[in-house]
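Quick note: the coordinates plus some simple rules give every number you see, no bench work behind them. Model, not experiment: these values are computed from the prediction. Reconstructed Cβ throughout: ideal geometry from the backbone, glycine too, with neighbour counts over all protein chains shown.
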Number of protein chains: 2
Amino acid sequence: MKKNETTGVTAPIGFEAAGIHCGIKKAGNLDLALITSEVTGPIAGVFTQNQVAAAPVQLDRIHLRTRRGRAIIVNSGNANACTGKTGLAAARTMASEVARRLSVPLHQVFVGSTGVIGRILPIDRITAGIPVLISRLSRQGGTHAARAILTTDLRPKTVAVRTRIGGTVVTIGGIAKGSGMIHPDMATMLAYLTTDAAILPATLQHALKSAVDQSFNCITVDGDTSTNDTVLCLANGLAKNPQIRQGTRDYRLFVQALTEASQQLALAICRDGEGVTKVVKILVRGATTVAAAKRVAVTVATSNLVKTALFGEDANWGRVMGAIGRSGVPMNQDRVSVSFDNVLMVRRGMGTGLAMERKIDQVFKRKEFTITIGLGQGRAEAHMWTTDLSYDYVRINASYRS
Amino acid sequence: MKKNETTGVTAPIGFEAAGIHCGIKKAGNLDLALITSEVTGPIAGVFTQNQVAAAPVQLDRIHLRTRRGRAIIVNSGNANACTGKTGLAAARTMASEVARRLSVPLHQVFVGSTGVIGRILPIDRITAGIPVLISRLSRQGGTHAARAILTTDLRPKTVAVRTRIGGTVVTIGGIAKGSGMIHPDMATMLAYLTTDAAILPATLQHALKSAVDQSFNCITVDGDTSTNDTVLCLANGLAKNPQIRQGTRDYRLFVQALTEASQQLALAICRDGEGVTKVVKILVRGATTVAAAKRVAVTVATSNLVKTALFGEDANWGRVMGAIGRSGVPMNQDRVSVSFDNVLMVRRGMGTGLAMERKIDQVFKRKEFTITIGLGQGRAEAHMWTTDLSYDYVRINASYRS
């Protein structure tokens, strides 16, 4: 077996990948990616909760029923969403072409698409590209695959995390795309994780859900997903570790590693966000429930007024207070506290004065910092990562299609 | 009786107003307004649902219990929010100074504030200004009051609507401020309506709630109000119309006029929004309930990706579909239709082709247009007005305090 690449989907044992230009994007830009495992293994998936689901998402949900996977094919430049039966047929053709040429069952091939919504997928270019794509499959192809799934992203996003399960080293690799994700409004986030761990399908699904909740779901809003959002994790067991079972220490170690990999990709998406100059963590403490804490965190994290203040490095903490109050979570404003990194700016619902304002002016100049909100009600907490809203955000999104 | 001004709060019989500079804002900018009625009358109010409520809102809620009003005093430049007991005392002082000098009961004086959150109100400047303000009260003072309540607004917003109740002409006048309102995120919206109609307090409250639901609440999101949002309507009965009673034709005429006045002010707020270049109506039809229709309309209207596409005149209808799908309202995407003015771009969940895309390119160039969304489920409908998200929005909000 060749030496592993150090990062990305081919970092675990037994995975190959490739990325090519098949003609969806303008010449030279990679737009078709393939990830394969040497052997069929368990696959887990978490998809958009958007009711306008793209064709590939509809197809993957069906294929996921058997929870076995072998290959993932992804195109960029076209979302294959709002394309009706034609779109669903195109997604199925993508899968069946790969299945036929790799001689694997159709339902073991998963499909992803990202790009403009509502355009018919140029399926002929994709089917023409698939043999080329397969011929390029290699242990080194992970970096090409990482590039081929990008749209407005500035940088490819790859990860590899290793952990020891029952004395055996297990590797989790991953790639992601998404720079619109930073506004939880609607932009595709795709992440593909691979692992050589031996794990049962149901256990893998459970682990993936847990990891996504602590990572990708902390940079977006529940329900505020796009038509195409997809996270898949394909496991092949080639690390030959003792099979991971739920409720064991090994399981916790695996979830920890999977969460770490997912958080690295999620934060990479934030940092590479459209027009982003800052990444800020919103930590909410002292809530009665985790759901309430999350709701406050989400409301602050998605406030345009908070996000423009971050961009302007304008320490306008009143906007944070306003967002907290409109979250819909019952609270007593006289118990609310707000700190910017270690500077306590609001105590018992009141500002702590101009001297403190001058201190948080300095905090707002940092590239990354934490806003800690105390509700003074209970012991539950939650966090979100957010970014600023800049001129470049508007520029990029005002002319996405052109 | 002197001739009415043609528009604003002094348009109805028996109202006077004034606006002065008392020293909260930089020199020369009006920052203190007063509206008074010759006689005490019914008053109705609708306030922010934000749980972080500013001191003047807390005070007004108490004063509104007796549903009788005589005067409204409003300062701009400081929101008197997140200011604790000191802030509440300051709001009470504003009211009591006006009450004492006009010799009216304290609870007949209402208070409004708008501006930066979390700063202590310079109450001495306000109390010093009140005698001057009272001395300037006049039938012509409405335009000064309209200017004195503004913050980042570019233009004062005034309205007057006349209707006939039982043979008698009744006038409704109003002023409003709010340019941050266009993003429902958090920015103060204040509106003060006056009328010479004879109407019982409970009936006036009912009428105001109805008018606000069809106007100011269509340019913001329920619950997404600021710490200071306030709409008050003060009636003095001096038109001497037969008293308006709920459930009558007169009541419907009055609500119609009050709604018209409120919509004019609400749309003026939209058009004057921070960095706004477009005002777009989102009309949702074919829902099973009004609440569901409203939820879809709000989700589309507040989508940053939709709003940046409006600014860029980029007819990216996929973003509208994405927002519809993530609204949380159960739907069948194959029944969804979307028109831009009279161009049907999405039918049964699918794009109608490139020729139509070229047509909606033209629609996107209009200053005002309507996006009509059909859900194909039922007969309920709702609408929202939204605006685009521009460079200027970011510029204004990135440095609001400086």
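Here is how the numbers come out for the structure above:
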quantity: Helix-only [θ]222 nm of chain B, DSSP H runs n ≥ 4, -39500 (n - 2.57) each, per residue, nearest 500; calculated: -10000 deg cm²/dmol
quantity: Over region A:279-398, relative contact order from alpha-carbon pairs under 8 Å, at least 6 apart, %; calculated: 47 percent
quantity: Residues of region B:4-24 with amide N under 20 Å of a point placed 7 Å along Cα→Cβ from B:Q140; calculated: B:4-21
quantity: Residues B:A89 and A:T370, FRET efficiency given R0 of 35 Å [Cβ-Cβ distance, rounded to 0.05]; calculated: 0.55
quantity: Estimated FRET transfer efficiency when R0 is 30 angstrom, pair A:Q49-B:R379 (beta carbons, to 0.05); calculated: 0.65
quantity: Cβ-based net charge around B:H21, under 12 Å, with every Lys or Arg adding one and every Asp or Glu removing one; calculated: +4
quantity: Region B:113-182: C-alpha gyration tensor shape, a/c 1.5 cut-off, then a/b vs b/c; calculated: oblate
quantity: Region A:25-135 shape via C-alpha gyration tensor axes, a/c threshold 1.5; calculated: oblate
quantity: Gaussian network model of chain A, Cα within-10 Å springs - most flexible of A:T168, A:T152, A:T188; calculated: A:T168
quantity: Given charges at Cβ of Lys, Arg, Asp, Glu: chain B dipole, positive-most of B:W385, B:T299, B:L208; calculated: B:L208
quantity: Charge context of A:A297, other residues only, Cβ under 11 angstrom, K/R +1, D/E -1; calculated: +3
quantity: For B:L375, net neighbour charge (Lys/Arg +1, Asp/Glu -1) across residues whose Cβ lies under 10 Å away; calculated: +1
quantity: Dipole magnitude of region A:279-398 about its Cα centre (Cβ charges: Lys, Arg +1; Asp, Glu -1), debye to nearest 20; calculated: 280 debye
quantity: Position A:R164, label points 7 Å along Cα→Cβ, spacing to each other copy in nm (shortest first, one decimal); calculated: 9.3
quantity: Copies compared at A:V39 - label distances in nm, ascending, label defined 7 Å from Cα in the Cβ direction; calculated: 9.3
quantity: Length gained when the stretch B:R347-B:T66 is fully extended (0.36 nm per residue, less Cα-Cα span); calculated: 95.8 nm
quantity: FRET efficiency, 1/(1 + (r/R0)^6) with R0 22 Å, evaluated for A:Q256 and A:A291 via beta carbons; calculated: 0.40
quantity: Listed residue pairs exceeding 29 Å between alpha carbons, taken from A:K25/A:K367; A:K26/A:K85; A:K307/B:K209; B:K25/B:K294; B:K177/B:K307; A:K367/B:K26; calculated: A:K25/A:K367; A:K307/B:K209; B:K25/B:K294; A:K367/B:K26
quantity: Tensor-based shape of region A:279-398 (alpha-carbon gyration tensor, a/c under 1.5 rounded, otherwise prolate or oblate); calculated: oblate
quantity: Estimated dipole of chain A in Debye, rounded to 20 [Cβ of Lys and Arg +1, of Asp and Glu -1, Cα centre]; calculated: 520 debye
quantity: Average partner coverage of A:344-352, which counts Cβ from other chains inside 10 Å; calculated: 3
quantity: Other-copy label distances relative to B:E368, 7 angstrom Cα-Cβ extension, nm; calculated: 4.7
quantity: Chain B - share of DSSP beta bridges that are antiparallel (%, nearest 5); calculated: 70 percent
quantity: For region A:127-142, Karplus couplings with θ = phi - 60° (6.51, -1.76, 1.60), whole Hz, Gly/Pro x; calculated: 5, 5, x, 4, x, 4, 4, 5, 5, 8, 3, 7, 5, 8, x, x
quantity: Relative contact order %, chain B, counting alpha carbon pairs below 8 Å whose residues are six or more apart; calculated: 17 percent
quantity: Relative contact order, percent, region A:263-333 [alpha-carbon distance under 8 Å, six or more residues apart]; calculated: 25 percent
quantity: Two-site label geometry, B:D334 and A:Q246: point separation in nm, points 7 Å out along Cα→Cβ; calculated: 3.3 nm
